[in-house]
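For reference, the structure discussed in these notes is given below.
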Amino acid sequence: MSDDGTKLFLGKLYKLMTVTTTIPVLGTIAELRSLVKTLNKNAKLIGVVPTMGALHAGHLSLVSESQRHTDATIVTIFVNPSQFSPTEDLAKYPQDLRADLEKLAGAGDIFVFAPSAAEMYPAGFSTTITPPNVGKLLEGEFRPTHFAGVATVVLKLLNLTRADFAFFGQKDFQQRLVVQKMVEDLNVPTEIRVCPIVREADGLAMSSRNIYLSAEEREIALSLYRTLEFVEAEIRDGQRDGYQLVVEMRQRLIDGGVTRIDYAAIADPHSLETVETIQLPVVVLLAAYVGKTRLIDNRLIALTD
Ligand code: AMP
């Protein structure tokens, strides 16, 4: 970025002690608004990549996609308390801003917005988005307050960044449906782009929570991926009985060693309503505990030519 406004902005660089990266890190809404104003004045296309940090190759694929389509990418790093219930892993959620910045280093035209919880939710904050109906099923049944927290923080981030495009991962299949519907219903002028699931070499979907897994649990976690592979093979082979497949999915997860299954579902990819007689496309969605770690994964199974 070579325009004067942005140079001025870069002058305000917040330097972290031992980080050699030159990525500007903004901690306040005022700083973010000032950046966005400068970018808008210079007619730059803005992409936003909302994350909770603990960045991995899945997040970085969203960043690359944003860089391909926009002039400036704002990566937000914020562990959003309102999307965790009191019994969930907020307190131990991995946070290491320095490591995240190192992972982003080298990528051009990137800005990081890493606000505090008090910056995002100052005293007196009291407005919450009611998520669309598609948020009530599956995750919504097991984490009833989750999508209200997600929708509220995403809307705040879209308002703050005034992004032309926002990039989300297919990994959180239901989350992106919730965000897409919210944006449509509330006429938010940001286009939502969805990027494929990035996996480890053996198939495990990348997740910030994978670091909680012991070596033994890491092996058990693979049963989610293997179950998705099994279901796709069965469906491609002509199995049309959704109920029977769900029974087999659950059995495979249990045999694979998962501690608890929240859901194993075959659903319509738009409404997420359960499908009893399979007609493509369908989405297969899993949420299960491996030890104390809750993992999700999914597979969209579409018609092939
Ligand atoms: P998180 O930091 O887990 O809230 O995720 C931030 C964004 O990264 C969300 O849009 C996720 O769907 C996306 N994401 C997380 N894991 C992956 C993955 N393995 N592949 C692609 N996108 C991902």
**Helical contribution to [θ] at 222 nm, DSSP H n ≥ 4, -39,500 (n - 2.57), averaged over the chain, rounded to 500** = -11500 deg cm²/dmol
**Asked** Roughly how many percent of the accessible protein surface of the chain is carbon and sulfur, given a 1.4 Å probe and a whole-percent answer?
**Response** 52 percent
**For the range 24-50 versus the range 113-145, the gap between their alpha-carbon centres in whole angstrom** = 23 Å
**Prompt:** Where is the GNM fluctuation largest for the chain (alpha-carbon springs, 10 angstrom cutoff): Ala99, Ala288, Ala148?
**Reply:** Ala99
**Item:** Lysine pair count for the chain [Cα-Cα under 19 Å; pairs on different chains or 8 or more apart]
**Value:** 13
**Message:** How much length would be gained if the chain were fully extended between Tyr243 and Lys136, taking 0.36 nm per residue of separation minus their Cα-Cα distance, in nm to one decimal?
**Reply:** 36.4 nm
**Fill in**
Connecting every pair of Cα atoms under 10 Å apart in the chain and solving the GNM, the largest mean-square fluctuation among Thr28, Thr274, Thr87 falls on Thr87
**Request:** Can you give me the span-like helices of the chain, meaning DSSP H runs with 27 Å or more of Cα extent along the axis and Kyte-Doolittle mean at or above -0.5?
**Result:** 215-236
**Item:** Nitroxide proxy distance, nm - points 7 Å out along Cα→Cβ at Thr28 and Asp109
**Value:** 2.8 nm
**Solvent-accessible area per residue, Å², over the range 224-305 with all protein chains present [probe radius 1.4 Å]** = 51 Å²
**Message:** With every atom except the alpha carbons ignored, what do you get for Rg and Dmax of the chain, in angstroms?
**Reply:** 20.1, 63
**Message:** Placing unit charges on C-beta atoms (Lys and Arg positive, Asp and Glu negative, everything else neutral), compute the dipole magnitude of the chain about its Cα centre in debye, rounded to 20.
**Reply:** 1020 debye
**Request:** Pull up the DSSP beta bridges for the chain and report the antiparallel fraction as a percent, rounded to 5.
**Result:** 50 percent
**Request:** Using a/c under 1.5 as the rounded threshold, could you call the range 178-305 rounded, prolate or oblate? The axes a ≥ b ≥ c are square roots of the C-alpha gyration tensor eigenvalues, and prolate needs a/b larger than b/c, oblate otherwise.
**Result:** oblate
**Message:** Tell me which chymotrypsin sites (Phe, Trp or Tyr not before Pro) from the range 51-156 have a DSSP coil assignment and no more than 15 other beta carbons within 10 Å of their own.
**Reply:** Phe125
**Request:** Name all residues of the range 156-171 having a backbone nitrogen under 14 Å from the label point set 7 Å from the Cα of Leu45 along its Cα→Cβ direction, giving them as ranges.
**Result:** 163-167
**Message:** Calculate the FRET efficiency for His69 and His270 from the Cβ-Cβ distance with a Förster distance of 30 Å, rounded to the nearest 0.05.
**Reply:** 0.80
**Message:** I'd like the FRET efficiency for Thr145 and Asp305, computed as 1/(1 + (r/R0)^6) with the beta carbon distance as r and R0 of 35 Å, rounded to 0.05.
**Reply:** 0.25
**Message:** Probe radius 1.4 Å, ligands and nucleic acids left out: which of Glu88, Glu216 has the largest accessible area, and how do the rest follow?
**Reply:** Glu216, Glu88
**Message:** Could you identify which residue out of Ser208, Ser61, Ser34 has the top mean-square fluctuation in a GNM of the chain using Cα springs shorter than 10 Å?
**Reply:** Ser34
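The values are calculated or read from the model by the stated rules, or taken from the named source; none is laboratory data. Quick caveat: nothing in here was measured; it's all calculated off a predicted structure. Ideal geometry is used to build each Cβ from the backbone, glycine not excepted, and the neighbour counts take in all protein chains shown. With ligands, DNA and RNA removed, areas are computed over all heavy atoms of the protein, side chains included. Shrake-Rupley method; radii C 1.70, N 1.55, O 1.52, S 1.80 Å.
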